[in-house]
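The structure appears right after this line, and notes come after that.
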Amino acid sequence: MGNEKNLIELEPKLSANYLRFECPICINKKKDDIGYGHCVIVRITKSKEIYKKTEHTWLMTGDTIENITLHPSILADTGDVCRFHGWVKKGVVQW
Ligand SMILES: [Zn+2]
């Protein structure tokens, strides 16, 4: 923890059911580095009912890349690449 980056800087794509963004730890790595270019994708819902009933779904508040918050934290399944584990809070990725 202690690092943060605005979501908007991470090539985000927000659709009705998914949020995708570039891993903030790895986005600035060079192309020949291990871990270059992977992204983080989470399934999202604004419904607390669906969130409670569905595994591997994040509860979203807010409407835009600039202000969304997700719950709970996100642990990227990257093995030994970067171990990204962070939060999206009000449009900012914190890890
Ligand atoms: Zn990464």
In the chain, what percentage of the DSSP-assigned beta bridges are antiparallel, given to the nearest 5?
85
Find the lysine pairs in region 4-94 meeting two conditions, Cα atoms under 17 Å apart and a separation of 8 or more places or different chains, and report how many there are.
9
Cysteines, the chain, no other Cys beta-carbon under 4.7 Å
C39, C82
Using only DSSP helix segments of four residues or longer, with each worth -39500 (n - 2.57), what per-residue ellipticity at 222 nm results for the chain after dividing by its residue count and rounding to 500?
-1500 deg cm²/dmol
Mind checking the alpha-carbon convex hull of region 1-75 and giving the volume per residue in Å³?
100
Which GluC sites (Glu not before Pro) in region 1-81 sit in a loop by DSSP (not H, G, I, E or B) and have at most 13 other Cβ atoms within 10 Å of their own Cβ?
E55, E66
Counting other Cβ atoms within 10 Å, which chymotrypsin sites (Phe, Trp or Tyr not before Pro) in region 26-94 have at most 15 and lie in a DSSP loop?
Y36
Using the Cα centre as the reference, give the magnitude of the dipole from point charges on the C-beta atoms of region 4-94 (Lys, Arg: +1; Asp, Glu: -1; all else neutral), rounded to the nearest 20 debye.
260
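Read-outs: derived from the displayed coordinates by stated rules, not from any lab. This structure is a prediction, so every number in the text was calculated from the model and none was measured. Here the Cβ is made from the backbone with ideal geometry for all residues, glycine too, and neighbour counts use every protein chain on show.
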